[in-house]
Amino acid sequence: MKKWQCIVCGFIYDEAVGIPEDGIAAGTRWEDIPADWACPDCGVARADFEMVALAA
Amino acid sequence: MPSITILGTGLAGYTLAREIRKRSNDAQITLITHDDGVFYSKPMLSTALAQGKSAQALRNTECAGMREELRAEILTHTVVTRIDAAARTLALKDGRVLPYEKLVLAVGAQPIRLPLQGDGASEVLSVNNLDDYAQFETRLGSAQRVALLGAGLIGCEFANDLIKSGRSVEVFDLAPQPLGRLLPAAAATRLRAQLEHAGVRFHFGDSISEIHKTPAGFRLTTQQGTQLDVDLVLSAVGLRSDTTLAASAGLAVNRGIVVDDTLQTTDPHIYALGDCAEVCGQVLPYVMPIMNAARVLAANLTGERQALRYPPMPVMVKTSLCPVVVCPPPGAGEWVETVTDTGVSARHVNTAGRLDGFALVGAATAERAALLKELQGG
């Protein structure tokens, strides 16, 4: 399971945790997050920004 | 479709260009910037230190990459001195005159600088762009004692990172609590306590009045008469929208460049977006409002009329020692705060008794999604 960081605001997505309150189950890989998802902290669209894989 | 000229290559300018390109393959886009056109994230500047990100690492995409990605013309190191709204031209500092069809002002805001006496005043740093951050990084290298002017969002984020780096941190603000009037009392007290627990020293109701250079650094004198020796002074007291060019064009300006819910100024060919814009009476210098507004403006510029309606947009304060999420209420009402050992949860109810804002501190930030749902659905 990897961690990813939004390059606009620094929000960290942890695949092991998911974002259950947004309907993203724990264990959901970054590639499988819906295309219409936006960063919950800053609103940047998934299509527009990189999530950078963080070293474990 | 009229060509689109965007002044500014910050988050607002580049996001708008991206949104236009998503909607139209043919739109002609020109961006003009006084810097080198690198794409970087403004929010990252106040959390880069603790994340170990250098100024170089903060450079996300160089201008050449942006030109290719956007299929846009980008004029770098180019200063616009005047807008002639009648002729629809831009006067450049180098003497050129450029015509435009649709113009978007995304020129951002400037840091407010307090009037300070003393020969050290000119060495006070503000960090509002990547070049500023690079300078801060260099000056910070040898500094152990840092004074911060301003306990707002940026000041608190810098205080957080600086105290975590092992330096000594003194923060001055005339307000009685951190984050000004954004937080209700118990929430603000908790944030203050957590930062103080880590070693930050706050001086509320006080401000720096004089800064004198010494062989070792700077001697500060405060309004309350305190004297302090430090190595570096960082100012984060607020931003003022850059309205100079807009005023030169005869556009209505208030705290920001006045625009309506289509992001149009008082001139039908000129729009404004981002930290420089006052949208329906509000200047919101954060990322989420820019994302929402850019999508609407891109639609309007590519032939689809849309009106901007902001959803609730919580503001994140990325003080890792004590995170804060705040959704400021739009009007009058009452705060109801729940205080626990691990956090503070505050609900704001309007005069009709409905939730219309919230503030979450510490572990209570986990309640954000539920409160947002209640705000949106209720």
Counting only strands (runs of 3 or more DSSP E) entirely within chain A, those with at least 2 residues that are modelled with pLDDT of 85 or more and surrounded by 17 or more Cβ atoms within 10 Å (Cβ to Cβ) are A:3-6
Mind checking which residues of segment B:153-181 are under 26 Å from B:Pro329 (Cβ atoms) and surrounded by fewer than 19 Cβ atoms within 10 Å (Cβ to Cβ)? B:Leu174, B:Ala175, B:Pro176, B:Gly180, B:Arg181
Number of the condition not met by B:Asp26 [criteria: (1) part of a loop (DSSP other than H, G, I, E, B); (2) in contact with a Leu (Cβ under 7 Å, 6 or more places away or on another chain); (3) under 18 Å from B:Tyr100 (Cβ atoms)]: (2)
So, of the residues in segment B:24-58 that are of a type in the set (S, T, N, Q) and more than 18 Å from A:Ala47 (Cβ to Cβ), which turns out to be surrounded by the fewest Cβ atoms within 10 Å (Cβ to Cβ)? B:Gln56
Out of curiosity, is A:Trp30 without any contact (Cβ under 8 Å) to a residue 40 or more places away in the chain and of a type in the set (A, V, I, L, M, F, W, C)? yes
Take segment B:82-97 and flag every residue that is aliphatic (A, V, I, L, M), in contact with a strand residue (DSSP E or B) (Cβ under 6 Å, 6 or more places away or on another chain) and outside any strand (DSSP E or B). none
Residue count, segment B:98-129 (criterion: out of contact with any Phe, Trp or Tyr (no Cβ under 6 Å at 6 or more places or on another chain) and in a strand (DSSP E or B)): 9
Residue hits (segment B:92-113; open to solvent by 30 Å² or more (accessible area, probe 1.4 Å) and among the small types (Gly, Ala, Ser)) are B:Gly95
Would you point out which residue out of B:Gly95, B:Gly118, B:Gly52, B:Gly65 is in the same structural domain as B:Ile154 (by TED's automatic domain parsing) and either closer than 22 Å to B:Leu16 by Cβ or not basic (Lys, Arg) (or both)? B:Gly118
I'd like the full set of residues that are touching a strand residue (DSSP E or B) at 6+ places or on another chain (Cβ under 6 Å) and within 14 Å of chain A (Cβ to nearest Cβ), limited to segment B:317-340. B:Val317, B:Val324, B:Val325, B:Val326, B:Cys327
Considering residues that are surrounded by 16 or more Cβ atoms within 10 Å (Cβ to Cβ) and either more than 14 Å from chain A (Cβ to nearest Cβ) or under 16 Å from the mean Cα position of the chain (by Cα) (or both), the number found within segment B:1-23 is 12
Among strands (runs of 3 or more DSSP E) entirely within segment B:184-288, at least 1 residues that are buried (at least 23 other Cβ atoms within 10 Å of the Cβ) occur in B:208-213, B:218-222, B:227-230, B:232-235, B:239-241, B:257-259, B:270-272, B:277-279
Sole residue being under 11 Å from the mean Cα position of the chain (by Cα) and within 13 Å of chain B (Cβ to nearest Cβ), chosen from A:Gly43, A:Gly18: A:Gly18
What's the number of the only condition in (1) open to solvent by less than 50 Å² (accessible area, probe 1.4 Å); (2) assigned to a loop (DSSP other than H, G, I, E, B) that B:Gln306 fails to meet? (1)
Counted residues in segment B:352-368 being open to solvent by less than 20 Å² (accessible area, probe 1.4 Å) and either within 14 Å of another protein chain (Cβ to nearest Cβ) or of a type in the set (A, V, I, L, M) (or both) come to 5
Which numbered condition in (1) touching a residue at least 40 places away in the same chain (Cβ under 8 Å); (2) open to solvent by 50 Å² or more (accessible area, probe 1.4 Å); (3) not hydrophobic (A, V, I, L, M, F, W, C) is the only one that B:Lys373 fails? (1)
Give the residues of segment B:54-80 that are in a strand (DSSP E or B), within 25 Å of the chain's Cα centre (by Cα) and in contact (Cβ under 8 Å) with a residue 24 or more places away in the chain, sorted by residue number. B:Ile74, B:Leu75, B:Val80
Considering segment B:335-350 alone, what residues qualify as being open to solvent by 40 Å² or more (accessible area, probe 1.4 Å), touching a Gly at 6+ places or on another chain (Cβ under 9 Å) and either in a strand (DSSP E or B) or modelled with pLDDT under 95 (or both)? B:Trp335, B:Arg347, B:Asn350
Test: B:Ala298 is at pLDDT below 95 and within 14 Å of another protein chain (Cβ to nearest Cβ): no
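The values are calculated or read from the model by the stated rules, or taken from the named source; none is laboratory data. Only a predicted model underlies this, so the values are computations on that prediction, with no experimental measurement involved. Ideal geometry is used to build each Cβ from the backbone, glycine not excepted, and the neighbour counts take in all protein chains shown. The protein model used for the area step is the full one, side chains on, heavy atoms only, and it has no ligands, DNA or RNA in it. Shrake-Rupley method; radii C 1.70, N 1.55, O 1.52, S 1.80 Å.
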